[in-house]
Amino acid sequence: MKNNSDLFYVCSLIEFIGREQKLRRSEVVRLMGRDTITRIYHFADVFHCEPIAKTANDFIERCSLPQGDFDNVASCRYTVPDYWTMGEVYERLIEDVCGDDEEHVIDRLMEVYASWIDKELSNYNTDFYYQSREYIYVCYQEGEILP
């Protein structure tokens, strides 16, 4: 499974919502829940026709997502990657974790966002998020950032 545009959209939307609500991306996924994430994934081709801000706001309200205090954008000392860029980073990692098992893509999404790597990818003051997809995947498999 490569270049899954529906997965890319879901991950970008999660990133957008996380920034809007100042929540860790893992918290966005946890609060939205599997059913909502699955719905977004299955209807991504429809949702992407609307501005992402409108779709995000609809899900923020529908899921009653609270305002948090995690602001990795404001704390970034360098150029902030946009939400599409971060959506692509997560999409690629989830694709790599899934391999050819597209049937369990939502399970793998939930696992990746709930793992240690969410904290590392959300730290825009490091170079980790823009490393190669292969390196990020190996780090994920090993459970740590490798030298």
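Summing Lys, Arg as +1 and Asp, Glu as -1, what charge do residues with Cβ under 13 Å from the Cβ of ASN3 carry, ASN3 excluded? Don't jump to the answer; show the numbers that get you there.
Working: positive: LYS2, ARG92, ARG133; negative: ASP6, GLU88, GLU91, GLU95, ASP96, GLU102.
Once all neighbours under 13 Å are counted, the net charge is -3.
You can think of it this way: the chain between LYS22 and GLU111 has 30.0 nm of extra reach, that is 0.36 nm per residue less the Cα-Cα gap. The alpha carbon convex hull volume per residue for segment 108-147 rounds to 70 Å³.
Using the Cβ of TYR83 as centre and a radius below 13 Å, the other residues enclosed give a net charge of -3, where K and R count +1 and D and E count -1.
How do CYS63, CYS139 stack up against each other in accessible area, from largest to smallest, with a 1.4 angstrom probe?
Values: CYS63 30, CYS139 0 Å².
So, going from the largest accessible area down, we get CYS63, CYS139.
Full extension of the segment from ARG133 to THR79, taken as 0.36 nm per residue of separation minus the current Cα-Cα distance, would add 17.4 nm.
Calculated on the Cα set of segment 18-81, radius of gyration then Dmax: 12.8, 36 Å.
At q = 0.14, 0.21 Å⁻¹, what log₁₀ I(q)/I(0) does a Debye calculation on the Cα points of segment 63-147 give, no solvent, two decimals? Listed by q, the Debye log ratios stand at -0.52, -1.08. Just the Cα atoms of the chain, one point each, no solvent: what log10 I(q)/I(0) does Debye give at q = 0.17, 0.20 Å⁻¹? Log10 I(q)/I(0), no solvent term: -0.93, -1.31.
For the full complex of protein chains and a 1.4 angstrom probe, list TYR41, TYR137 by accessible area with the highest value first. All intermediate terms of the calculation are to be shown ahead of the outcome.
Working: TYR41 30, TYR137 60 Å².
Listed by decreasing accessible area, they come as TYR137, TYR41.
As a check on your grasp of the helix formula, calculate [θ] at 222 nm for the chain: sum -39500 (n - 2.57) over DSSP H runs of n ≥ 4, divide by the residue count, round to the nearest 500. Before the final figure, lay out the partial values.
Numbers: 8 runs with 91 residues, N = 147.
Taking each H run of at least 4 residues, the total per residue is -19000 deg cm²/dmol.
With θ taken as phi - 60° and the Karplus curve 6.51 cos²θ - 1.76 cosθ + 1.60 applied, the whole-hertz 3J(HN,Hα) list for segment 114-128 is 7, 8, 4, 6, 4, 4, 5, 5, 7, 8, 7, 8, 10, 9, 4 Hz, x standing for glycine and proline. Of interest is the spacing of the C-alpha centroids, which for segment 51-71 and segment 78-147 amounts to 22 Å. Within the accessible area of the chain, the carbon and sulfur atoms contribute 48%, probe 1.4 Å, all protein chains present. Note on surface exposure: SER132, SER5, SER12 rank SER5, SER132, SER12 by accessible area, highest first, 1.4 Å probe.
The values are calculated or read from the model by the stated rules, or taken from the named source; none is laboratory data. In this text the structure is predicted, and so the values were computed from the model without any measurement. Neighbour counts are summed over all protein chains in view; Cβ atoms, including those assigned to glycine, are modelled from backbone coordinates with ideal geometry. Note: areas computed on protein heavy atoms with side chains; ligands, DNA, RNA excluded. Shrake-Rupley method; radii C 1.70, N 1.55, O 1.52, S 1.80 Å.
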